[in-house]
1. What number comes out for the charge environment of Gly97, summing +1 per Lys or Arg and -1 per Asp or Glu over other residues with Cβ under 15 Å away?
2. Which ³J(HN,Hα) values, rounded to whole Hz and listed in residue order, are derived for the stretch 41-50 from phi using the Karplus coefficients 6.51, -1.76 and 1.60 in 6.51 cos²θ - 1.76 cosθ + 1.60 with θ = phi - 60°, glycine and proline given as x?
3. Summarise the accessible area of the stretch 116-215 (1.4 Å probe, protein heavy atoms) by the percent that is carbon and sulfur.
4. From the square roots a ≥ b ≥ c of the eigenvalues of the alpha-carbon gyration tensor of the stretch 81-213, which class results: rounded (a/c under 1.5), prolate (a/b over b/c), or oblate?
5. Tell me, in nm to one decimal, what length is gained between Leu274 and Arg286 on full extension, where the rule is 0.36 nm per residue of separation less the Cα-Cα distance?
6. Going by Cα centres, the stretch 78-115 and the stretch 240-265 are how many Å apart?
7. For Asp181 paired with Trp67, estimate the spin-label separation in nm (one decimal), with each label point 7 Å from Cα along the Cα-to-Cβ line.
8. Limiting things to C-alpha atoms, what are the Rg and the maximum Cα-Cα separation (Dmax) for the stretch 53-145, in angstroms?
Amino acid sequence: MQTVLHAAAMLPASIPSPDWSGFDIPLPWGSLRIHAYALCILAGIVVGLWLTSVRWTKRGTPEGSLWDIAIWAIPFGIIGGRLYHVFSSPDAYFGPGFDGTGDLSLIPQIQRGGLGIWGAVLLGAVGAWIGCRRAGVKLTAFLDAAAPGLLLAQALGRWGNYFNQELFGGPTTLPWGLQIDADNANFPAGMPADTLFHPTFLYESLWNIAGVLILLALDRKFNFRRGRLFWLYAMYYTLGRVWIEAMRIDDAEQINLFGITTRLNVWTSIFVFLAALIVFIALGLRKRDEPDTPYLAGHVPAAKDGDTDSEGGAAADNDGAPAGDREDGELAAVPADGKSIRHSDKSVSDSGSRDNLPDNQSGPGHTSAPTEAVTDPAVGTRPAQGPPAAGNSAHQDSGSAPDTDRTK
């Protein structure tokens, strides 16, 4: 018992403020500052891409297509996230009430912090759509594969707020309260220097990690497709973001709706949650008219005989015929009855005239008629006896029937 009490006494009564926020790389003309915030964002991107890559590959997608999409989605997402932050917290950039006293040069300085997730998702989806079109895959398939990875990236990226000592909640006396340096520009004016604050970055990080596990478990059980897992991600994230955002005390745009004044991000989360819920339900009620595939129409790759696609069905050529029903260099004749016939004799199949060969038998009362179908010989059946064929393999000497039971 004494050991437990001693261990409890050794635990910190709060989360200390960071004593490190990055490092400098010396250069001939000065130095390059590498901020911890940027490293957290980068780490989030790396682990998010890793998880997305694992899930994307399992769907049988083209090799390297993830990077073709990411090269568009990531820059678009960063730009969109920054623009949303500037829009939702405009005072520092345009001044209070847009009075022109702000500093516009701060807008591109992302290292100082400030990326809005909804701007990142919205514009990142535009970039992903461009990449998906170029790779020949569906955007909805990619979003389903990326949803857990996106949430994991957010979980790590949130730690950048810790190193920047920003976006914390109100005062608290809880043992996990967050210390903020009293001389930091983000420390609320008029509060005692030893005030502890809610570590909202930690709340959101833990919420997101739990969400990753939940999404993976639900997808494993229900196999969500057509973008439904992505909309489930949107519902889960906004559900947590509403209460976490409401705890913050930093300056933000306030919006009054229905007689309630609160932060713009709170209203955004509420509306995104409702929209995601409606879309998720609508997609669930919609019947699947055709097997799901991550490929766009006309981009489904041909498969070898016996191969199946990622959904377990027979792979098809681009014209819709099953790839396993054809041989290399082989043509299938389609007679009037609509049944496809396989020709193993290349000399006959190339000419396409097997059905029109005349019957060279002679005799009284015999009428020549076209052959309706060519069938492979049954197993164990001996071919008809007769003199050996001469000349063209599709013809016999006069008085003998065409050799339709023999294949090469």
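The values are calculated or read from the model by the stated rules, or taken from the named source; none is laboratory data. Small disclaimer: the values here were computed from a predicted structure and weren't measured. Here the Cβ positions follow ideal geometry from the backbone for every residue, glycine too, while neighbour counts run over all protein chains shown. Areas reflect the complete protein model, heavy atoms only, side chains present, ligands, DNA and RNA absent. Shrake-Rupley method; radii C 1.70, N 1.55, O 1.52, S 1.80 Å.
1. With Lys, Arg at +1 and Asp, Glu at -1, the net is -4.
2. 4, 5, 4, x, 4, 5, 5, x, 5, 4
3. On the way: 2770 of 4030 Å².
Whole-percent figure for carbon plus sulfur exposure: 69.
4. Values: a/c = 3.44, a/b = 1.44, b/c = 2.39.
Oblate, because a/c is 1.5 or more while a/b does not exceed b/c.
5. Working: separation 12, 0.36 × 12 = 4.32 nm, distance 1.86 nm.
This chain segment gains 2.5 nm when fully extended.
6. Cα centroid of the stretch 78-115 versus Cα centroid of the stretch 240-265: 18 Å apart.
7. Using points 7 Å along Cα→Cβ, the separation is 3.9 nm.
8. Considering the stretch 53-145 through its Cα atoms, Rg and Dmax are 16.8, 54 Å.
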